[in-house]
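Asks: Can you read through this structure? Questions will come right after.
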Amino acid sequence: MSKKAPAKEITATEKKPNENRTILAKLLNQKENEQSILLCVAARIAAARTRADLWNVINEDILGLFGGVYYTLCLLHEDRRFHSPFIHSKDEQFDVDNPGNPIIRNDHPVEDGIFDYALKSSGPVQFQMETLLKQPSLPVYIPYWAKMGIQEMLVVKITNGDEDRGVLYLYANKTGAFSQGQFGLLSGIADLIGTGICNILANEKIEEQIAEINRYKQQLEEEKAYLIAEQRAAEGFAELIGTSPEMQKVFSLISKVADSSTTVLLLGETGTGKELVARAIHEASPRNGNLMIKVNCAAMPASLIESELFGHEKGSFTGASERRIGKFELAHNSTLFLDEIGELPLELQAKILRALQEKEIERIGGKTTIKVDVRVIAATNRNLEKEVTQQRFRSDLYYRLNVFPITLPPLRKRKQDIPSLAAHFIERFARSNGKTIHGLSRKAMDKLEAYAWPGNIRELEHMIERTILLTNGHIIRNIQLPEKSSITLTGHNSEFQVRSLEEVEREYILTVLKHYNGRISGPHGAALKLQIPPTTLISRMQKLGIQKEHIVRSSAED
Ligand SMILES: Nc1ncnc2c1ncn2[C@@H]1O[C@H](COP(=O)(O)OP(=O)(O)OP(=O)(O)O)[C@@H](O)[C@H]1O
């Protein structure tokens, strides 16, 4: 019997090729597996458009594949001094009240011993929590993860080409969870993630720009609507009627001032045509190629007027979610009509004065000044001189505005204009109501001329409008002018008079307004005392036919 060669040797020489083949086959298999995983992950990352898409890929395909339970993908800030989470495992998995929570902390220093280490390493780096915890100084998130039961951490840098973008942290709750055999695959995936992040960030930027464009579009739409409304109003007010010497004087002043950029102050009772005159000045001026911009200083709360006039930057105050262009800016190269300037709060008077003097404005929350070329026409039915003596109106602003005052006479002082004004309104309202009305009877005209017209031309205009609706023939014979309406009760108490609620409300509002010198808004205004917004008070006044004139007159009668 021949001596058998030592078993060990035979096994060694005969089994080695087999074993190698097996290892090779295993390796090939693994490579093939890795290739197909990479292909699959690459396709999913390439399709990722949002953070949520990438979140899904990491959570579903990557985390479990490498034995992790949580992950954080942190991006390097532009200054390369800090990093912060871009996406991470779901919020509810975290102890959000813990100050060490890496998710709620937004600015981890790059030089924290882990992040910077990962950036410097060419491949994934594995850390054991137990070892890390023995280090004298640690990033805040390490004790946090240890408390969450994490035993092992695997970090890999994320790059896009040559550029470092961040680090992917994978966390496992047992030791030996991460296998070195998969490090190559993880490096490949990290590169794919780097490209994915860049796509997502570019996409986010585009979305942001689209949102910004849409916001501007909406703002432009609003401004366009405003300008169209203004244009319509302007068209409707094109004609200034009046042959009386008082009105001839006004026309002459208009033609003298129109050509220049001089500030004009229009004075006169409510409804005397101040706005119409402002439009006439603008239309006759070289600025008439642009629309006149109007701001009613009494129609909104003081807090809003500033932003209405000067605009604001996004986020400059609560509610300023968008940038807004103010009326001063909008009126560049045109005319700004500041109606009811007497109602402007003192603090804003100073800002208007500055804008008039410096010819530049600043948006609320803005850092730069904006040059504006604006011609200002202001109007008020208040006695501004009296307001100045009572320190409710700044004297410097008064003198700045009072460069070229034009006082509109009340209708009762130019009764000779009543027939032409009445004819003008009859023609307009008869046409718009599809009626043929030639004019007023002598009796009706006498009635109009005898009336005091506290609401001036506006009152006449409304009166004719109502009368047209009530008239059946071609001539207006009957006109109903306001009278005191009260019903006297007979019976138990003959002194008692039943009055309508409207009458009582009207009288009460008048009393309060008189008490506060006709001031509507502000700390000494009637609205505050009546505990209603100034705009509500103004609309009640309009509804009840209360005009400033009534207040002035009832004060004078006292
Ligand atoms: N001379 C005029 N010719 C034709 N219509 C006029 C004239 N004056 C005023 N009106 C008409 O009277 C109405 C009131 O005019 P306007 O609004 O200009 O007055 P106002 O003095 O600015 O009033 P308020 O002080 O209340 O703002 C408008 O409908 C306007 O068309």
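Asks: Look at segment 431-459 and say how many of its residues are within 16 Å of the ligand (Cβ to nearest atom) and either small (G, A, S) or touching a residue at least 40 places away in the same chain (Cβ under 8 Å) (or both). It would help to see each step written out before you state the result.
Replies: The first filter runs over segment 431-459 and keeps only residues within 16 Å of the ligand (Cβ to nearest atom), leaving 431-432, 448, 451, 453-459.
Imposing the further condition that a residue be either small (G, A, S) or touching a residue at least 40 places away in the same chain (Cβ under 8 Å) (or both) reduces the set to 432, 453-459.
Total meeting the criteria: 8.
Asks: Continuing with this model, one more query. Select from segment 34-93 the residues that are among the small types (G, A, S) and within 28 Å of V140 (Cβ to Cβ) and write down the one among them that is surrounded by the most Cβ atoms within 10 Å (Cβ to Cβ). It would help to see each step written out before you state the result.
Replies: Step one: list which residues in segment 34-93 are among the small types (G, A, S), which gives 36, 42-43, 46-48, 52, 64, 67-68, 84, 89.
Right, trim to within 28 Å of V140 (Cβ to Cβ) and you get 52, 64, 67-68, 84, 89.
Numbers: A52: 10, G64: 10, G67: 17, G68: 23, S84: 16, S89: 18.
Among residues in segment 34-93 that are among the small types (G, A, S) and within 28 Å of V140 (Cβ to Cβ), the one surrounded by the most Cβ atoms within 10 Å (Cβ to Cβ) is G68.
Asks: Turning to a different aspect of this structure: Could you count how many residues in segment 400-418 are under 24 Å from S334 (Cβ atoms) and either part of a helix (DSSP H, G or I) or within 13 Å of the ligand (Cβ to nearest atom) (or both)?
Replies: Number of matching residues: 4.
Asks: Right, something else. Of all residues being β-branched (V, I, T) and part of a helix (DSSP H, G or I) in segment 505-545, which is farthest from M300 (Cα to Cα)? Just the residue, please. Please lay out each step first, then the result.
Replies: First pass over segment 505-545, keeping only residues β-branched (V, I, T): 509, 511-512, 520, 532, 535-536, 538.
From what's left, part of a helix (DSSP H, G or I): 509, 511-512, 535-536, 538.
Details: I509: 19, T511: 23, V512: 20, T535: 6, T536: 10, I538: 10 Å.
Only one residue fits best here, namely T511.
Asks: If you take the residues in segment 251-263 that are more than 13 Å from the ligand (Cβ to nearest atom) and of a type in the set (A, V, I, L, M), which one is surrounded by the fewest Cβ atoms within 10 Å (Cβ to Cβ)?
Replies: L253
Asks: Hey, among D373, D396, D339, which residue is within 16 Å of the ligand (Cβ to nearest atom) and either more than 25 Å from R287 (Cβ to Cβ) or touching a residue at least 12 places away in the same chain (Cβ under 8 Å) (or both)? Step through it out loud before you land on a result.
Replies: Working: D373 fails: within 16 Å of the ligand (Cβ to nearest atom); D396 fails: within 16 Å of the ligand (Cβ to nearest atom).
After ruling out the rest, the residue left standing is D339.
Asks: Which of the residues spanning segment 328-352 are surrounded by fewer than 23 Cβ atoms within 10 Å (Cβ to Cβ) and either touching a His at 6+ places or on another chain (Cβ under 9 Å) or among the β-branched types (V, I, T) (or both)?
Replies: Across segment 328-352, the qualifying residue is only S334.
Asks: Right, another one. Those residues that are within 10 Å of the ligand (Cβ to nearest atom) and closer than 24 Å to P345 by Cα, I need them from segment 274-293; list them, please. Before you say what the answer is, go through the steps one by one.
Replies: Looking only at segment 274-293, we keep the residues that are within 10 Å of the ligand (Cβ to nearest atom), and these are 274-280.
Correct list: K274, E275, A278.
Asks: Still on this structure: Are any residues in segment 22-55 basic (K, R), in a helix (DSSP H, G or I) and in contact (Cβ under 8 Å) with a residue 60 or more places away in the chain, and if so, which ones?
Replies: If the condition is that a residue be basic (K, R), in a helix (DSSP H, G or I) and in contact (Cβ under 8 Å) with a residue 60 or more places away in the chain, then R51 is the only one that fits.
Asks: Let me ask something else. (1) assigned to a helix (DSSP H, G or I); (2) at pLDDT 90 or above: which one isn't true of E92, the others all being true?
Replies: All conditions are met except number (2).
Asks: Okay, next question. Do we have E322 as away from the ligand (no atom under 16 Å from the Cβ), under 28 Å from the mean Cα position of the chain (by Cα) and modelled with pLDDT under 90 here? Step through it out loud before you land on a result.
Replies: Numbers: away from the ligand (no atom under 16 Å from the Cβ): yes; under 28 Å from the mean Cα position of the chain (by Cα): yes; modelled with pLDDT under 90: yes.
In short, yes.
Asks: Hey, another quick one. Kindly evaluate R428 against the criterion of being buried (at least 16 other Cβ atoms within 10 Å of the Cβ), within 24 Å of L253 (Cβ to Cβ) and either among the charged types (D, E, K, R) or outside the structural domain of I468 (by TED's automatic domain parsing) (or both). Working first, answer last.
Replies: Details: buried (at least 16 other Cβ atoms within 10 Å of the Cβ): yes; within 24 Å of L253 (Cβ to Cβ): no; either among the charged types (D, E, K, R) or outside the structural domain of I468 (by TED's automatic domain parsing) (or both): yes.
Spelling it out, it is not the case that R428 is buried (at least 16 other Cβ atoms within 10 Å of the Cβ), within 24 Å of L253 (Cβ to Cβ) and either among the charged types (D, E, K, R) or outside the structural domain of I468 (by TED's automatic domain parsing) (or both).
Asks: State whether the residues of segment 398-421 include one that is touching a His at 6+ places or on another chain (Cβ under 9 Å) and buried (at least 16 other Cβ atoms within 10 Å of the Cβ).
Replies: Initial filter on segment 398-421 (touching a His at 6+ places or on another chain (Cβ under 9 Å)): none.
No, because not a single residue in segment 398-421 is touching a His at 6+ places or on another chain (Cβ under 9 Å) and buried (at least 16 other Cβ atoms within 10 Å of the Cβ).
The values are calculated or read from the model by the stated rules, or taken from the named source; none is laboratory data. What you are looking at is a predicted structure, and each value in this text was computed from that prediction instead of being measured. All Cβ positions, glycine included, derive from the backbone under ideal geometry; neighbour counts span all protein chains shown.
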